[in-house]
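Only one structure is covered here, and it is reproduced in the block below.
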Amino acid sequence: MHAPTSTNRRGALALVALATLACLGPRPAAAQTQVLNLYSARHYQTDEALYANFTKTTGIKINRLDGKEDELVERIRNEGKASPADILITVDAARLEVADSLGLFQPVQSKLLDERIPANLRTPTWVAFSTRARVIVYNKAAIKPAQVQTYADLAAPAMKAQVCMRSGSHPYNLSLGAAIIAHEGEAKTEAWARGLVANFARGPKGGDTDQIKAVAAGECGVTISNTYYLARLMRSTKPDDQAAMNAVGIVWPNQASWGTHVNVSGAGVLKHAPNKANAVKFMEYLASDEAQAYFANGNNEWPVVQGSVAANPTLAAMGSFKADTLPIGDLAKTTVAAQKVFDRAGWK
């Protein structure tokens, strides 16, 4: 999920950000209003335009520190009241909920956010700004789409030795498990996970793109993937990627019941934000039509604001679908239970 930049370049950028944030210290109010300190675990090169346009629009300079979710959360905790961070932005509802459960966010009062962000995609302390769906990908030569219309179908005996998956401890799979628990309870979710593990063609390894390519190559017949990985391959001009996409089909799961599971990218204003007013402006900017278009076209994610145009023909080509409307805060709260279920089922 990292942007295609070199390790050295990323390291240099991180050092620059660290140096900038370290020098912030107490500042006059007039200077503070022109600064936003952003801790980001979204590592997408296309987000650069998003941030640059916020500064162009508002005059507020963004000091950004990039890092992994766990590292940023731990850093904010260690910094405590002295933290210069105003905003934490990351992917996955479970990761946002971890930060919230640690008391890192503060409530935000914004009529604009309340009006533009659907109620099921926001909580009192953090808000989703884009979504990605977790879909079924199957090998056209080995599996008929009618065989894999639901997540439950992947645990059926007919899928013996046909399933490839990434780790059961990865947040994307944990969020799916959390959704199934919310809809069907722990017992049924554990039965599903055990059936899924029994159908593995090989042990979990790699990311979603690796699973898609394994299905395309016939190493297995079916997998589950986030949609933006598929969109990247669909938009690729590499012959191998094009061949892989020609070999696979996509199913929107659970259209006859609770809908396809969706996860999010989101952000929250931190409890000790020294530039709270600017932080709220940034949150409201992310809900603008302009920013929503960046999410859609830049990283192949769906806008959360109803009526926003997803200027991305690849997303449009995937078609419309019924999405699960489970409140995102509820989903995050059952993630721990999902991990325990997967552990018992042997999904490593």
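With the contact rule set at Cα under 8 Å and sequence spacing of 6 or more, what percent relative contact order holds for region 71-179? Could the numbers behind the result be given before it?
On the way: 42 pairs, mean separation 25.4, N = 109.
About 23 percent, as a whole number.
Run through all the Cα pairs of region 195-348 and give the fraction in each 10 Å bin from 0, expressed as whole percent.
P(r) over region 195-348, rounded to whole percents: 9, 28, 35, 21, 7, 0.
Below 8 Å between Cα atoms, with a sequence gap of 6+, how large is the relative contact order for region 138-286 in percent? List each step's numbers first, then the result.
Working: 178 pairs, mean separation 46.8, N = 149.
It comes to 31 percent, rounded to a whole number.
What order do you get for ARG42, ARG77, ARG194 when you list them from fewest to most C-beta neighbours inside 10 Å?
Details: ARG42 22, ARG77 13, ARG194 17.
Lowest to highest Cβ neighbour count: ARG77, ARG194, ARG42.
If we count other beta carbons within 10 Å of each Cβ, what is the order of ASP92, ASP240, fewest first? Before the final figure, lay out the partial values.
Values: ASP92 22, ASP240 11.
In order of increasing Cβ crowding within 10 Å: ASP240, ASP92.
With springs only between Cα atoms under 10 Å, which of THR209, THR325, THR57 fluctuates most in a Gaussian network model of the chain?
THR57
For LYS56, which aspartates and glutamates qualify as cross-link partners when the Cα separation must be under 14 Å and same-chain residues fewer than eight apart are set aside?
Hits, sequence-local ones excluded: GLU48, GLU290.
Shape verdict for region 254-334, please, from the Cα gyration tensor: rounded (a/c under 1.5), prolate (a/b greater than b/c) or oblate. Before the final figure, lay out each step's value.
Numbers: a/c = 3.07, a/b = 1.37, b/c = 2.24.
Because a/c hits 1.5 or more and a/b fails to exceed b/c, region 254-334 counts as oblate.
List, in the order given, every pair from LYS160/LYS213; LYS144/LYS238; LYS205/LYS340 whose Cα-Cα distance in the structure shown is over 25 Å. Walk me through the numbers on the way to the answer.
On the way: LYS160/LYS213 19 Å; LYS144/LYS238 27 Å; LYS205/LYS340 20 Å.
Pairs exceeding 25 Å: LYS144/LYS238.
If we count other beta carbons within 10 Å of each Cβ, what is the order of ILE224, ILE62, fewest first? Write down the numbers at each step before the final one.
Values: ILE224 24, ILE62 20.
Placing the least packed residue first, the sequence is ILE62, ILE224.
Given a 10 angstrom Cα cut-off, can you work out which residue in LEU174, LEU286, LEU112 is the most mobile in a GNM of the chain?
LEU112
Since every read-out is calculated from the coordinates, none of them should be taken as a lab result. The model shown is predicted, which means the values in this text are computed figures rather than measured ones. Don't worry about glycine lacking a Cβ; one is built from the backbone with ideal geometry, like all the others, and counts go over all protein chains shown.
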